[in-house]
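For reference, the structure is listed below as structure tokens.
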Amino acid sequence: TRLYHLDAVRSFALLLGIAFHTALSFMPIFIGWAVMDISTSDVLPYFVLVSHSFRMALFFMIAGYFSHMTLRKRGTRPFIQSRLMRVGVPFLVAWFVLRPLLVSGWIMGAEAMRGDANIENALVNGFASLGELPQGLLIGTHLWFLYYLLIISACVVAFRFLIGLHKPTKYRLTQFTDNLIQRISSPPWFLIIMAIPTAMGLCFMQNWGLDTPDKSLIPHIPTLLVYGGFFMFGWLLERKSTNIDAFARISFVKICLCIVSIAGTIYLEGFQGNFGHPQFQLLKAGFMLSYALMMWTLISLSIGLCKKCLHKPNKLVQYISDASYWLYLVHLPIVIW
């Protein structure tokens, strides 16, 4: 049976990414994006901050959920083949097709800030950049998430294989994780507990909040661990169908936690560049915890809202869900151009 609401959740996370990248051009401060428009908005920084916090974490959680479902139903070999075909091949193909267009977009954006852009020259230089590979393989693209998804999937399969070599250990670990997820996935205060290790991972980021690891093929370990944690949580949720329903249950307390964490994150973010503040480290720690709680509550409520509103078959929603992955893969050069 197709889980229509989870398809909708995944498509929501990916389509939100398109809106996120579109909004960057209209930020009221210069952030080094390819195209900075003279029309700006004072509201967009809040949208960028909040949407960036949870959209990819939500995607990795749902990816973990569906990955476990695929492996459980089809086995290890078909799962590996599925990951290579659905993630690995698009990563390689999209890289060689999209990178020249992305590079040309950045060249034109820089030229446009000084005068008129030369489209032909930008395209020539964009395709010439393929000759620099593998140097800068991930730089300037949004395809890093496919690379990290492949790494996380490979680590999970390898760990599962090693644990499976000793049946008693596998049995005890399975029982422990199943009982743990079942006990803690329902109460709203569980989100606070989960926010603590996430906040600890955020402390190792270069900036406040989640970094975008698009600078090197060498994985950024803190980012890998954060997204890997969300992937594993989704993986464990799938072991029992009631787990994700309990996790996504909408409650007044959860909504309040979400509102408070968003307000706290927006307020504390204003101190990010104030290095001389006597309580700078304390403010940073508060931001990390608030940011992490915002991530978890928004993820839980997003799944809950889709469960409530989009759980029935709908041809339009299903079409958008099927298209969202491919839309996200190709959107960035279109947006920049």
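The values are calculated or read from the model by the stated rules, or taken from the named source; none is laboratory data. Quick caveat: nothing in here was measured; it's all calculated off a predicted structure. Methodologically, a virtual Cβ is constructed for each residue, glycine included, from the backbone with ideal geometry; neighbour enumeration extends over all protein chains shown. The accessibility values were calculated without ligands, DNA or RNA, using every heavy atom of the protein model including side chains. Shrake-Rupley method; radii C 1.70, N 1.55, O 1.52, S 1.80 Å.
Side notes on the structure shown:
- Remark: pairs (first residue in segment 238-260, within 24 Å of Thr174 (Cβ to Cβ); second residue open to solvent by 80 Å² or more (accessible area, probe 1.4 Å) and hydrophobic (A, V, I, L, M, F, W, C); Cβ separation under 9 Å; 6+ apart in sequence or on different chains) = Ala248/Leu305.
- Residue match in segment 315-335 (condition: open to solvent by 30 Å² or more (accessible area, probe 1.4 Å) and in a loop (DSSP other than H, G, I, E, B)): no
- Residues considered: Leu146, Leu217, Leu210. Of these, the only one that is over 17 Å from Leu236 (Cβ atoms), of a type in the set (A, V, I, L, M, F, W, C), in a loop (DSSP other than H, G, I, E, B) and open to solvent by less than 60 Å² (accessible area, probe 1.4 Å) is Leu210.
- Only one of Phe247, Phe252 that is touching a Ser or Thr at 6+ places or on another chain (Cβ under 6 Å) and under 30 Å from Lys307 (Cα atoms): Phe247
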